[in-house]
Amino acid sequence: MNDEQIETLLRKAPRPVAPAGLLETLQSNIALPPRAETARVNRTETTPLLRRWFPAISFAVIFLSCIVAIAVQTNQIAELNRGNETLRGATQNLEQLRRDNAEYQKLQAEHQELERLRKDFAELQQLRAEVAQLREQIQETEKLRAQNQQLLAANNQPAQSTGNDDSFARFEADARAEAESVYCINNLKQIGLAARIWATDNGGVYPPNWLSMSNELSTPKVLVCRGDKGRTAARSWNEFGPGNVSYEFLNPNGSDKTPMVLLARCPIHGHVGLSDGSVQSGSGLGRTFTIIVKDGKQVYTPLNKRPDGSPYE
Amino acid sequence: MSDHAETLCDRAGAGDLEAASELVSLYYERIFAWFRRLCGNDDDAADLTQRTFFKVWTSLNSFQRRSTFSTWLHGIAHHVYVDWRRTNRPAEAQTDEWWEACAANGPSPFEDAAERDTARRLFALVERLEDGVREVVHLHYYQGLSLSETSEALGIATSTVKYRLREALDVLRSQTNEPKLRAV
């Protein structure tokens, strides 16, 4: 037996018959409620107001919520559109600013290039001026060189000398004499230094003669003054003799405690070398000393006035 | 019938005794038959029928018309039966003789003796079902209520009604197909 057959049989179930008199009993027992009028109250009045209007209120609330949501979203969309417009405008301004900046950078680079060119031009002008000045100096030098050559040519032709040639010869002779004087002073300084070295090694006593200082003097040539044309310098100490000395040795075996005592003197120029190693020029108007003999020694004595009577500065 | 019943209900609520008598005439046999099947004797069924209609009259003003009058009436009858079950003996299963005698009265709905015999055994099996399942079978198949009306009358969900009916059919099908029962 399947479900359909079972259901069919169940629906055909016999209904028990009510006993007689039950209907009358039930009808006689009907007791309707005393407030029968209230039973006819309108259903809408018995239903609570909120429950009755709940569907409409719910729909209205949902509808208003949707409207508010749509309004808010519309407002947001409008704000976003305005923001987009603003950003687009800013973007356009940004492009303009970029172009301006690029142009400014270009102009600045050109300005720097121009400044550099100006500096180069100024330097070039300065160099040109220096070149011109150098050219002038070269021309002047060439002119002086030509004059010098002319003078040299005139000097080499004494037969054709003139008054200008005489003055040039005197100038040359003076220069040569001055050079010989300086050379003589240098010789006296070397002699004084060698004598002091010898005295240091020998208990403060100067050497007895020139030959004793052969170890201290580098060469015997310093013992001959160039102004002394009658004497020649010895080539070595082995060939040294009295004829190979121009200077006078004035303090043999003297003490180094007497610095003002003359050690050597040039008879040509008058220069004197003192025992302390210094040299005093004794030629011309510049002579500032005199020599006094004291205890058999020639002593250097400075003067208050020059030999020509002018005071010392 | 439903609209007519509600009209009668409105009139009875307004104090119309004639309408109330007509409502009793319309529904007392169905309510009695239900109680008769559940209780197993005429006296208890008649008593429960009187209690049911007494509650109907006292509760008539509280009828909110959310369901049909028939459903509301069966709901009251269900509560009356439950209250009666709490204070009285449990329902007795109907004997085969009762169903046979009941079927013998008046014109038989069954076509032949074999179908009648099968129906007799089936009704007896229904009375052996659990109370909740049995009430659902009574209301839906015997009383002719729909699924929604049955659920409202019993105060349970429609899905529960469907589940119980499915359960009842499974039990009945399995037991009616057993050889032992077939031989009965």
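Rule-based calculations on the coordinates, nothing more; no lab input. The model shown is predicted, which means the values in this text are computed figures rather than measured ones. Here the Cβ positions follow ideal geometry from the backbone for every residue, glycine too, while neighbour counts run over all protein chains shown.
Residues whose amide H lies under 5 Å from that of A:Leu263, counting only those 5 or more places away or on a different chain, are A:Gly273, A:Leu274, A:Ser275; hydrogens are built 1.01 Å from N in the peptide plane. Extent of the range A:74-146 along its three principal axes (Cα atoms, max minus min coordinate, largest first): 105, 9, 7 Å. Of the residues A:Val72, A:Gln139, A:Ile291, the one whose Cα sits farthest toward the positive end of the charge dipole of chain A, with +1 on the Cβ of Lys and Arg and -1 on the Cβ of Asp and Glu, is A:Val72.
About the Cα centre, and with charges only on the beta carbon of Lys, Arg (+1) and Asp, Glu (-1), how big is the dipole of the range B:124-183? Nearest 20 debye, please. List each step's numbers first, then the result.
Numbers: 8 positive and 9 negative charges, 63 e Å.
Dipole magnitude for the range B:124-183 comes out near 300 debye.
Please give me the summed charge of the neighbours of B:Arg166: other residues whose Cβ is under 14 Å from its Cβ, Lys and Arg +1, Asp and Glu -1. Within the 14 Å Cβ shell, the charges total -3. Taking a Cβ cut-off of under 11 Å around A:Arg176, the surrounding Lys, Arg, Asp and Glu residues balance to a net charge of -2, with basic ones at +1 and acidic ones at -1. A convex hull fitted to the Cα coordinates of the range B:2-87 yields 87 cubic angstrom per residue.
Note on A:Tyr247, A:Tyr300: ascending count of other Cβ atoms within 10 Å places them as A:Tyr300, A:Tyr247, the fewest first.
Placing a label point 7 Å from the Cα of A:Thr200 along the Cα-to-Cβ direction, the residues of the range A:213-241 whose backbone N falls under 19 Å of that point are A:213-219.
The 3J(HN,Hα) values that the Karplus relation (6.51, -1.76, 1.60; θ = phi - 60°) gives for the range B:32-37 are, in residue order, 5, 4, 4, 4, 5, 5 Hz. Gly and Pro appear as x. Evaluating 6.51 cos²θ - 1.76 cosθ + 1.60 at θ = phi - 60° for every residue in the range A:200-217, the Karplus couplings come out as 4, 7, 10, x, x, 10, 6, x, x, 7, 5, 5, 5, 9, 5, 7, 8, 8 Hz, glycine and proline recorded as x.
Loop-located trypsin sites (Lys or Arg not before Pro) across the range B:1-95 with a Cβ neighbour count of 15 or fewer within 10 Å are B:Arg65, B:Arg66, with loop assigned by DSSP. Pairs from the table (A:Lys229/A:Lys257; A:Lys189/A:Lys229; A:Lys143/A:Lys221) lying more than 30 angstrom apart at Cα are A:Lys229/A:Lys257; A:Lys143/A:Lys221.
Provide the gained length on full extension for the span A:Thr288 to A:Thr91, in nm with one decimal, where the gain is 0.36 nm per separating residue minus the Cα-Cα distance. Show your work: numbers first, answer last.
Working: separation 197, 0.36 × 197 = 70.92 nm, distance 9.73 nm.
Length gained, A:Thr288 through A:Thr91: 61.2 nm.
Of the trypsin sites (Lys or Arg not before Pro) found in the range A:241-300, the ones in coil according to DSSP and having at most 13 other Cβ atoms within 10 Å of their Cβ are A:Lys257. In the protein assembly as shown, a dipole from Cβ-located charges (positive for Lys and Arg, negative for Asp and Glu) runs towards its positive end, and of A:Leu49, A:Leu274, B:Phe123 it is A:Leu274 whose Cα lies farthest in that direction. Simple rule: put +1 on each Lys or Arg Cβ and -1 on each Asp or Glu Cβ in the range B:2-87, find the dipole, and look at B:Tyr81, B:Thr58, B:Phe69; the Cα lying farthest toward the positive end is B:Tyr81. Here the 3J(HN,Hα) profile of the range A:267-275, calculated from phi with Karplus coefficients 6.51, -1.76 and 1.60 at θ = phi - 60°, is x, 7, 9, x, 5, 10, x, 8, 5 Hz, Gly and Pro shown as x.
Relative to the present Cα-Cα distance, how much length would full extension add between B:Arg65 and B:Arg85 at 0.36 nm per residue of separation? Can you show the working numbers first?
Values: separation 20, 0.36 × 20 = 7.20 nm, distance 2.80 nm.
Between B:Arg65 and B:Arg85, full extension yields 4.4 nm more.
Each label was represented as a point 7 Å from its Cα along the Cα-to-Cβ direction; for A:Asn81 and A:Arg135 these points are 8.0 nm apart.
For chain A, compute Rg over Rh where Rg is the Cα radius of gyration and Rh is the Kirkwood radius from the inverse mean 1/r over Cα pairs.
Ratio of gyration radius to Kirkwood radius for chain A: 2.01.
Averaged over peptide A:17-25, how many Cβ atoms belonging to another chain are found within 10 Å of each residue's Cβ? Spell out each step's value before the answer.
Working: counts 8, 12, 7, 0, 1, 9, 7, 2, 6.
What the average comes to for A:17-25 is 6.
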